[in-house]
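Comments concern the structure below.
The values are calculated or read from the model by the stated rules, or taken from the named source; none is laboratory data. Every value quoted in this text rests on a predicted model; they were computed, and no experiment measured them. Here the Cβ positions follow ideal geometry from the backbone for every residue, glycine too, while neighbour counts run over all protein chains shown. These accessible areas exclude ligands, DNA and RNA; they are computed on the full protein's heavy atoms, side chains included. Shrake-Rupley method; radii C 1.70, N 1.55, O 1.52, S 1.80 Å.
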Amino acid sequence: MTFKKITSEKQLKLTANTIRQNIIKSLVEAKSGHSAGPLGMADVFTALYFNVLKHDPKKPDWAERDKVFLSNGHICPVWYATLAEAGYFPITELMTLRKLNSRLQGHPHYWEPPGIENSGGPLGQGISIAIGAALSAKMNKEKHRIYCLTSDGEHQEGQYMEAMMFAGNNKLDNLCVVVDRNNIQIDGDTEDIMPLEPMRAKYEADKWHVIEVDGHNIKHLIDAFEEAKTIHDMPTVIIAHTIPGKGVSFMENDYQWHGKPPTPEQGEVALRELQEIRRQIEEE
Amino acid sequence: MKINSEMKLNEKLFTNVEKVPSRDGYGKGLVELGEKNKDVVVLCADLTESTRSNWFKERFPQRFVQMGVAEQNMMGVAAGLALSGKVPFVSSYAVFSPGRNWDQLRVSVCYTNANVKVGGMHAGISVGPDGATHQALEDIAITRVLPNLRVIVPCDWIQGKKATIAAGEAVGPHYLRFGREKVPVITTEQTPFEIGIADIYADGADVAIITCGLMVYESLIAAKELEKNGVSSMVVNCHTVKPIDIETITKAARKCGAVVTAEEHQINGGLGSAVSEVLVENYPVPMKRIGMKDVFGESGTPDELLKKYGMNSSEIVKACQEVVKRK
């Protein structure tokens, strides 16, 4: 038995909102960690885990599951919050983020907790691991799909370029990568630090199918994931245009929120704002 | 010194010993593993022939993955294959893998405890004319510090084959180090080999030479030479640098009271350092390390280089005489 999908757009939005609130709570409690990326990717994670994926939170090692790899490990608070919301582990465990003896490491450690498909943090590594999984599935003629979530900044890594070339030339059509195109990195805006454009053309040159989408429109994200399933002989990249810090006004689009957590006071303001958004979703 | 008959070493050891590159053992081991286990896959970064992975490729083309010149991606892809149940062997030159892709080895493989095997070819100064850029003399140091990783340095092609098969049958990350040049075939199919167990190839009482790789042969030659001068030496093939065989090393030091280490690697961080760590904590004795003395190599023939940089039997003889005097 697989996980029951959520199809109602409203329910999906509410789920993403819950995940965002839990990200804020866990970061306040952790007193360290990354805020902007996790909030920015909450809609992508929601679309994947609550609609697109074939998986079973009660049987995380199910061999036929679709697999998700996280290449930019630092946004793991959203991975943890999503897995907990989906039922992989108790939501209360989110409050152990980054603490001694916790499974929820500051950057993810493989299978801690089950559902975490890869260790990661050093940028550029996760995409190669995902490619290995896609290659293995091809060799075994398995039908499950491989997803990899990456940041825009990590496209500056040499390994990432190696991986892009390999996946395209090896026609890994069971691989779907999502780029969190939020335009920020630690030192500033990506296009000031080391421009990444034209990103679409780079992927096309390496023989990828490219879809660009608003990374906060869950319906469009699901459509993009479904389109990717129909593409043959090419891996798909979904360039998801996102707003870093999405949902919290003082964090949105400010690169300074890349690598720090909210203080308890800021956390309260953030939760109030997210609660207000929740009220609006419910009224829709 | 007395050759240990239990080790069933090559009888022609001191007469007309045949020479074969140790990397041939990697190639043959891969094919043998491939026959036994359909999950074994081989990855190579544009060095298929010189890593001998072409033998596997010819036999199992569907299980061979050409990565192009991209060692970092290769290590990560191997991790992904391993997490999916495959047994991947990552093949390249040691300077590139684990040299260039050490971070990927550290996080994607070792921290994850992914079942990846890394074959580093053309290690040591004996790669010769290619020069310092291609002479991996630091690979043991950078691998033996990684948790979960085992580090093995076979002394010839037969041991190389056994090590490859043993690594493929064991679970967890392994690094296997091989050389380019033809080296004397010291062992036979009957010679015992077990990961983590150092083997006493020759027994003696005055000094223990603890060694690995192509220096095992040089050590045996040195032991024979020392015998003529009345020094009885033990030769220990410490093919597994990690986990190191504390028991055998400590016993050897206790029996001989002096130790020389010999390896084709930087003097800092390699087998000599590993043995020093064991003895300092367990049974300190006068000791000397033979290896590359914190300098880079250069172009030259393997023999010229080993002589110039002090990694041959005559250097081992001198070192043994020195430590015996210090007892």
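From the list B:8, B:57, pick out the single residue that is at pLDDT 95 or above, under 24 Å from residue B:169 (Cβ atoms) and touching a Cys at 6+ places or on another chain (Cβ under 9 Å).
Details: B:8 fails: touching a Cys at 6+ places or on another chain (Cβ under 9 Å).
Step by step, each of B:8, B:57 is checked, and only B:57 is at pLDDT 95 or above, under 24 Å from residue B:169 (Cβ atoms) and touching a Cys at 6+ places or on another chain (Cβ under 9 Å).
Exactly one residue among B:98, B:88 is over 21 Å from residue A:169 (Cβ atoms) and surrounded by 24 or more Cβ atoms within 10 Å (Cβ to Cβ), and that residue is B:98. Within region B:10-29, the set of residues being open to solvent by less than 70 Å² (accessible area, probe 1.4 Å), among the hydroxyl-bearing types (Ser, Thr, Tyr) and assigned to a loop (DSSP other than H, G, I, E, B) comprises B:22 only.
From A:136, A:71, grab the single residue that is within 11 Å of chain B (Cβ to nearest Cβ), open to solvent by less than 10 Å² (accessible area, probe 1.4 Å) and farther than 24 Å from residue A:241 by Cβ. Full working, then the answer.
Values: A:71 fails: farther than 24 Å from residue A:241 by Cβ.
Result: A:136 is the single residue among A:136, A:71 that is within 11 Å of chain B (Cβ to nearest Cβ), open to solvent by less than 10 Å² (accessible area, probe 1.4 Å) and farther than 24 Å from residue A:241 by Cβ.
What about residue B:71, is it of a type in the set (Asp, Glu) and buried (at least 23 other Cβ atoms within 10 Å of the Cβ)? Considered against the rule, which asks whether it is of a type in the set (Asp, Glu) and buried (at least 23 other Cβ atoms within 10 Å of the Cβ), residue B:71 comes out as yes.
Here the condition is being facing chain A (nearest Cβ under 7 Å), more than 18 Å from residue B:142 (Cα to Cα) and not in a loop (DSSP other than H, G, I, E, B); of B:77, B:107, it holds for B:77 alone. The listed residues are B:276, B:299, and the only one of them that is surrounded by fewer than 19 Cβ atoms within 10 Å (Cβ to Cβ) and under 28 Å from residue B:182 (Cα atoms) turns out to be B:299.
Among residues of region B:268-296 that are among the aromatic types (Phe, Trp, Tyr), those with a beta-carbon under 6 Å from a residue that is surrounded by 21 or more Cβ atoms within 10 Å (Cβ to Cβ) and in a helix (DSSP H, G or I) at least six positions away or on a different chain give the pairs B:283/B:253.
If only residues of region A:76-127 that are among the acidic types (Asp, Glu) and more than 14 Å from chain B (Cβ to nearest Cβ) are counted, the one that is surrounded by the fewest Cβ atoms within 10 Å (Cβ to Cβ) is A:93. Count of region A:156-180 residues, restricted to those that are more than 14 Å from every other protein chain (Cβ to nearest Cβ) and either surrounded by fewer than 24 Cβ atoms within 10 Å (Cβ to Cβ) or not in a strand (DSSP E or B) (or both), is 1. Taking the criterion of being closer than 25 Å to residue A:88 by Cα and in contact with a Lys or Arg (Cβ under 6 Å, 6 or more places away or on another chain), would at least one residue in region A:118-125 satisfy it? No, region A:118-125 contains no residue that is closer than 25 Å to residue A:88 by Cα and in contact with a Lys or Arg (Cβ under 6 Å, 6 or more places away or on another chain). Taken together, the residues in region B:113-140 that are open to solvent by 10 Å² or more (accessible area, probe 1.4 Å) and within 14 Å of chain A (Cβ to nearest Cβ) amount to 2.
Consider region B:86-104 and keep the residues that are within 11 Å of chain A (Cβ to nearest Cβ) and assigned to a loop (DSSP other than H, G, I, E, B). The one that is farthest from the chain's Cα centre (by Cα) is B:86. From the list B:32, B:49, the lone residue that is part of a helix (DSSP H, G or I) and more than 11 Å from chain A (Cβ to nearest Cβ) is B:32.
All conditions but one from (1) in contact with an Asp or Glu (Cβ under 9 Å, 6 or more places away or on another chain); (2) buried (at least 19 other Cβ atoms within 10 Å of the Cβ) apply to residue B:261; the one that does not is (1). Close contacts from region A:238-257, counting a first residue that is of a type in the set (Ser, Thr, Tyr) and a second that is open to solvent by less than 70 Å² (accessible area, probe 1.4 Å) and in a loop (DSSP other than H, G, I, E, B), with Cβ to Cβ under 8 Å and a gap of 6+ residues or different chains, come to A:242/A:41; A:242/A:182; A:242/A:215; A:242/A:216; A:255/A:244. Every condition in (1) out of contact with any Leu (no Cβ under 7 Å at 6 or more places or on another chain); (2) under 19 Å from residue B:152 (Cβ atoms) is met by residue B:183 except one, and the failing one is (1).
Here residue A:134 meets the list (1) touching a residue at least 60 places away in the same chain (Cβ under 8 Å); (2) part of a loop (DSSP other than H, G, I, E, B) almost entirely, failing just condition (2). Screening A:87, A:73, A:115 for residues that are more than 17 Å from residue A:267 (Cβ to Cβ) and under 13 Å from the mean Cα position of the chain (by Cα) leaves exactly one candidate, A:73. For region A:221-233, state whether one or more residues are touching a residue at least 24 places away in the same chain (Cβ under 8 Å), open to solvent by less than 20 Å² (accessible area, probe 1.4 Å) and outside any helix (DSSP H, G or I). Among the residues of region A:221-233, not one is touching a residue at least 24 places away in the same chain (Cβ under 8 Å), open to solvent by less than 20 Å² (accessible area, probe 1.4 Å) and outside any helix (DSSP H, G or I), which makes the answer no.
Under the condition of being among the acidic types (Asp, Glu) and closer than 13 Å to residue B:64 by Cα, the residues counted in region B:28-48 number 2.
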